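The values are calculated or read from the model by the stated rules, or taken from the named source; none is laboratory data. Since we're looking at a predicted model, the values are computed, not measured. Ideal geometry is used to build each Cβ from the backbone, glycine not excepted, and the neighbour counts take in all protein chains shown.
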Amino acid sequence: MSELIVDGLPQASEVKPLDTFDSIGLRRSIRWYEPNKPVERWKVQAMLEASRIAPSAGNFNGQRAIVVYRDEDPEIWEFISDWSQITTQMAPILIFWCYDLSAYDVQGQQLHDLMRTGALDKAHGWEYERVNRLFPLPAILPDFILHRLACIDLGNSIQNSILTATSLGLGCCLNGASGGARRNVKDKFNLPPSYVFCWLMTVGYPSENLDGGGTRGRPPFETMFFKGKVGQPFKRDAATVELLKELKMIQEPGPTPGRLEEINKLTKRFGLGDDALTDWKLGPSQLNDPVNAVDTKPEPLSPEEVAASAAGAPESDFTLVPTVKREVLDKYRADKGIGDTD
Ligand SMILES: Cc1cc2nc3c(=O)[nH]c(=O)nc-3n(C[C@H](O)[C@H](O)[C@H](O)COP(=O)(O)O)c2cc1C
């Protein structure tokens, strides 16, 4: 029995989810979790329910997920890429997101179902026989198109689940998987050949602030969005920005004051050692000049400044395998007989 998941249901009136704008604005990739704080099972189900009802091309619904409670599989972080192993060791819940290409084998049936239920109508040109001709069973679309559809569908459905998590006070982060992790996950979860594993998502209550120290850098609005044609920006209206700030869709850019202290205290708390303390000055994003790709190396902090930033950190209350140290990870893998290709 996992101790990281709790049963029980609140009354609807007791649940105060953030509204959509606030959830979009507050969502951050969370990389520090409360490792022992259980997550309510209903919240995990709510995330999956949100994924299930996300839009998908032709209503093909290829998204799939495998939920793992960390304490039922404590070594599962070994399957994950190096840079994500610390996060994976800390997060109580892990969701392995995949898509199933076989969901696209029944395209005609799915479209007919949309017609049956009144989503697609004759006025828009939908007819049973025409759909039969264009989408016969088995599916005729080439695989590269199916992969493209499936990736977009999966992304939509993951984002629905992330926003649900944020609105319920949970943090999430998607994590990539290296080739080795990818192969292992296939065997471990008995994935059928039609399944493609894409991302591991960590889920749990953040031990960092839910705002992750402020919004992360983004290129300027007008370099991303256009009116009529590329090069003709969709003008960013300053009053609209102010409105969206009030409605909390647009929130404070990072790093917010105290962010360095926050991450260094967490580093100490989780016993990662002084070597792992962040020893550079934090500053604003430089993505505001995407053309010239500004990328200055952050200024180093003195050892005294680094020590001061972690002063007063709480005692370590959870032991991580400090895989940020390459030699520790290499030894761990050698001791366990994990090979380079695993
Ligand atoms: C598909 C995808 C894969 C990602 N993989 C990783 C990852 O492997 N490790 C990690 O720390 N963050 C990962 N991230 C998080 C991104 O770094 C993050 O979304 C981006 O820096 C913007 O920051 P924000 O999500 O906090 O706004 C991933 C995000 C996405 C959408």
Next on the checklist: Suppose the filter is in contact with a strand residue (DSSP E or B) (Cβ under 9 Å, 6 or more places away or on another chain), among the polar types (S, T, N, Q) and away from the ligand (no atom under 16 Å from the Cβ); does Gln251 pass it?
Outcome noted: no
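Looking at this structure, is Tyr33 in contact with an Asp or Glu (Cβ under 9 Å, 6 or more places away or on another chain), surrounded by fewer than 22 Cβ atoms within 10 Å (Cβ to Cβ) and assigned by TED's automatic domain parsing to the domain that holds Ala12?
Values: in contact with an Asp or Glu (Cβ under 9 Å, 6 or more places away or on another chain): yes; surrounded by fewer than 22 Cβ atoms within 10 Å (Cβ to Cβ): no; assigned by TED's automatic domain parsing to the domain that holds Ala12: yes.
It is false that Tyr33 is in contact with an Asp or Glu (Cβ under 9 Å, 6 or more places away or on another chain), surrounded by fewer than 22 Cβ atoms within 10 Å (Cβ to Cβ) and assigned by TED's automatic domain parsing to the domain that holds Ala12.
From the list Glu299, Glu327, Glu315, pick out the single residue that is out of contact with any strand residue (DSSP E or B) (no Cβ under 7 Å at 6 or more places or on another chain), over 14 Å from Phe270 (Cβ atoms) and not small (Gly, Ala, Ser). Steps first, please.
Values: Glu299 fails: out of contact with any strand residue (DSSP E or B) (no Cβ under 7 Å at 6 or more places or on another chain); Glu315 fails: over 14 Å from Phe270 (Cβ atoms).
Selected residue: Glu327, the only one of Glu299, Glu327, Glu315 that is out of contact with any strand residue (DSSP E or B) (no Cβ under 7 Å at 6 or more places or on another chain), over 14 Å from Phe270 (Cβ atoms) and not small (Gly, Ala, Ser).
Within region 77-116, work out how many residues are within 16 Å of the ligand (Cβ to nearest atom) and either of a type outside the set (Phe, Trp, Tyr) or modelled with pLDDT of 90 or more (or both). Give the derivation first.
So the first thing to find is which residues in region 77-116 are within 16 Å of the ligand (Cβ to nearest atom), and the list is 77-91, 94-99.
Still in the list and also either of a type outside the set (Phe, Trp, Tyr) or modelled with pLDDT of 90 or more (or both): 78, 80-82, 84-91, 94-99.
Result for region 77-116: 18.
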Checklist outcome for this item: Going through region 197-222 in order, the residues found to be more than 12 Å from the ligand (Cβ to nearest atom), part of a strand (DSSP E or B) and modelled with pLDDT of 95 or more are Val203, Gly204
Item to check | Search result, residues across region 308-342 that are at pLDDT 85 or above and part of a helix (DSSP H, G or I) | outcome: Ala308, Ser309
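Restricting attention to region 286-307, and to residues there that are hydrophobic (A, V, I, L, M, F, W, C) and part of a helix (DSSP H, G or I), which single residue is farthest from Asp82 (Cα to Cα)?
To start, the set of residues in region 286-307 that are hydrophobic (A, V, I, L, M, F, W, C) comprises 287, 291, 293-294, 301, 306-307.
Filter again for part of a helix (DSSP H, G or I), leaving 306-307.
Details: Val306: 24, Ala307: 26 Å.
Going through the qualifying residues, I end up with Ala307.
Is it true that Glu40 is more than 16 Å from the ligand (Cβ to nearest atom), modelled with pLDDT under 95 and not basic (Lys, Arg)?
The answer is no for Glu40.
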Checklist entry - How many residues does region 32-66 contain that are out of contact with any Ser or Thr (no Cβ under 8 Å at 6 or more places or on another chain), part of a strand (DSSP E or B) and more than 30 Å from Ala276 (Cα to Cα)? => result 3
Checklist outcome for this item: Result of the Cβ filter at 6 Å on region 153-177, keeping first residues that are among the β-branched types (Val, Ile, Thr) and partners that are within 12 Å of the ligand (Cβ to nearest atom), at least 6 apart or interchain, is Ile158/Trp97; Ile162/Cys172; Thr166/Leu26; Thr166/Arg27
Next on the checklist: Going residue by residue through region 288-307, is there one that turns out to be modelled with pLDDT under 95, closer than 23 Å to Arg27 by Cβ, surrounded by 12 or more Cβ atoms within 10 Å (Cβ to Cβ) and not hydroxyl-bearing (Ser, Thr, Tyr)?
Outcome noted: yes
Next on the checklist: Being surrounded by 13 or more Cβ atoms within 10 Å (Cβ to Cβ) and either in contact (Cβ under 8 Å) with a residue 40 or more places away in the chain or in a loop (DSSP other than H, G, I, E, B) (or both) is the requirement here; does Glu78 meet it?
Outcome noted: yes
Next on the checklist: Take the residues in region 182-207 that are within 21 Å of Trp83 (Cβ to Cβ) and small (Gly, Ala, Ser); name whichever of them is surrounded by the fewest Cβ atoms within 10 Å (Cβ to Cβ).
Outcome noted: Ser207
Checklist outcome for this item: If we keep only residues of region 1-25 that are in contact with a strand residue (DSSP E or B) (Cβ under 9 Å, 6 or more places away or on another chain) and in contact (Cβ under 8 Å) with a residue 60 or more places away in the chain, then the residue surrounded by the most Cβ atoms within 10 Å (Cβ to Cβ) is Gly25
Item to check | region 269-285, subset touching a Ser or Thr at 6+ places or on another chain (Cβ under 7 Å) and touching a residue at least 40 places away in the same chain (Cβ under 8 Å), residue farthest from Gln85 (Cα to Cα) | outcome: Arg269
